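Report on the structure given below.
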Amino acid sequence: MTAATMKAMAYASYGGVEKLEQVELPLPKVSPGMVRIKVKAAGVNPVDWVVMAGYLDSILTIHFPVV
């Protein structure tokens, strides 16, 4: 990972944990009056698994890949 990228987890289609893959993305732009923080660890909300499985497809518009 270089200084200009960040690691993220993403999925390109509905499914289970087997669909997750680690990707490198450009660092987000920081607008005036905002800050960017370095995250050492992150968690997953239970609703994220429901969205990833496609159960909320009828009420949410999903654009793949999802980060």
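Quick look at the numbers
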{"quantity": "Any chance Tyr55 is within 15 Å of the chain's Cα centre (by Cα), surrounded by 11 or more Cβ atoms within 10 Å (Cβ to Cβ) and in a loop (DSSP other than H, G, I, E, B)", "calculated": "no"}
{"quantity": "Cβ-Cβ under 8 Å pairs, at least 6 apart or on other chains, the stretch 4-26 side open to solvent by 50 Å² or more (accessible area, probe 1.4 Å), far side among the hydroxyl-bearing types (Ser, Thr, Tyr) and not in a strand (DSSP E or B)", "calculated": "Lys19/Ser13"}
{"quantity": "Residue selected from the stretch 1-52 under the condition of a type in the set (Asp, Glu) and part of a strand (DSSP E or B), by the criterion farthest from Phe64 (Cα to Cα)", "calculated": "Glu24"}
{"quantity": "Members of the stretch 22-64 that are under 18 Å from Ala8 (Cα atoms) and either of a type in the set (Gly, Ala, Ser) or touching an Asp or Glu at 6+ places or on another chain (Cβ under 9 Å) (or both)", "calculated": "Ala41, Ala42, Gly43, Val51"}
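The values are calculated or read from the model by the stated rules, or taken from the named source; none is laboratory data. What you see is a predicted model; the values in this text were computed from it and never measured. Quick reminder, even Gly has a Cβ in these numbers, built from the backbone with ideal geometry, and neighbours come from all protein chains shown. All accessible areas refer to the heavy atoms of the entire protein, side chains included, with ligands and DNA or RNA removed. Shrake-Rupley method; radii C 1.70, N 1.55, O 1.52, S 1.80 Å.
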